[in-house]
Amino acid sequence: MNSEQHPSSAPQVKICGLTDVDQALGCVRLGASAIGCVFYPKSPRYVSERRAREVVESLPAGVKSVGVFFNETFPAIMRKVERCGLTAVQLHGQETPELVRELKQERLLVIKALFVKQDPLITAADKYTADAFLVEYAQAALPGGNALAWEWGQAGVMDRKRPLILAGGLEPDNVWEAVGACLPSAVDISSGVESAPGVKDLNKVGAFIRTVSRCGKLYAERGEKLSKIF
């Protein structure tokens, strides 16, 4: 399956924590709409500016390159955006609504992470002008899902004025259940398709995206329409 075959009636897929050009291109060929590079130094998937630029420059037109940041300043984020050629940013800490507005003025796609277990909570969605919200549970020391599954239906209570990206503990075997619980516009996965931190298993990526593609029927059955993010 390639990106052209990924049905528009199914959630889009972001594969996060890429550190290698060949793996990034493999994910795109399998149907990923966005590729994420993590710039948080303590993450096992941290990527240098040089390597991130190589990944971004390899991506075909139409695939979003997302830089993932944790409590960084506007100048620090923009340096990496400009040096790496990023087209989107994901803010995964306690960033302010003002920072979101500043970044949107740079004509970037801005994704703000909201959480069930810590600030900013999903109930804070109205404070942010982000283009989309990524929602996960957040109950471990490191930012991100940390491969921990949770009650994904809790994401369904948030303000849905803007698209929802579901993350946290997703795997090929549980993504159907997760999508059915809250009908997100997109899903985000990292460790659930890895053989080691930062090393994607393309067989798992393919299995994950094939299952997500079949999830389109869940939206049709409930009369729900999808919002495209990437």
Go through region 88-119 residue by residue and tally those that are surrounded by fewer than 21 Cβ atoms within 10 Å (Cβ to Cβ), touching a residue at least 24 places away in the same chain (Cβ under 8 Å) and in a loop (DSSP other than H, G, I, E, B).
6
Restricting attention to region 179-215, which residues are among the β-branched types (V, I, T), buried (at least 18 other Cβ atoms within 10 Å of the Cβ) and either touching a His at 6+ places or on another chain (Cβ under 9 Å) or not in a helix (DSSP H, G or I) (or both)?
V187, I189, I209, V212
Can you tell me which of A52, A34, A76 is in contact with a strand residue (DSSP E or B) (Cβ under 9 Å, 6 or more places away or on another chain) and without any contact (Cβ under 8 Å) to a residue 24 or more places away in the chain?
A76
For K42, are the conditions met, namely being surrounded by fewer than 16 Cβ atoms within 10 Å (Cβ to Cβ), under 29 Å from E171 (Cα atoms) and in contact (Cβ under 8 Å) with a residue 40 or more places away in the chain?
yes
Those residues of region 29-78 which are in a helix (DSSP H, G or I) and in contact with a helix residue (DSSP H, G or I) (Cβ under 6 Å, 6 or more places away or on another chain) amount to L30, E49, A52, R53, E54, V55, V56, S58, F74
Go through (1) surrounded by fewer than 18 Cβ atoms within 10 Å (Cβ to Cβ); (2) at pLDDT below 95 for H6 and report which single condition fails.
(1)
Going by what's in this entry, would L25 be described as touching a Gly at 6+ places or on another chain (Cβ under 8 Å), of a type in the set (A, V, I, L, M, F, W, C) and either in a helix (DSSP H, G or I) or buried (at least 20 other Cβ atoms within 10 Å of the Cβ) (or both)?
no
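Could you say which residue among V110, V68, V28, V56 is more than 27 Å from V199 (Cβ to Cβ) and under 17 Å from the mean Cα position of the chain (by Cα)?
Numbers: V68 fails: more than 27 Å from V199 (Cβ to Cβ); V28 fails: more than 27 Å from V199 (Cβ to Cβ); V56 fails: more than 27 Å from V199 (Cβ to Cβ).
The match here is V110.
The values are calculated or read from the model by the stated rules, or taken from the named source; none is laboratory data. What you are looking at is a predicted structure, and each value in this text was computed from that prediction instead of being measured. Heads up, the Cβs are rebuilt from the backbone with ideal geometry, glycines too, and the neighbour counts pull from every protein chain shown.
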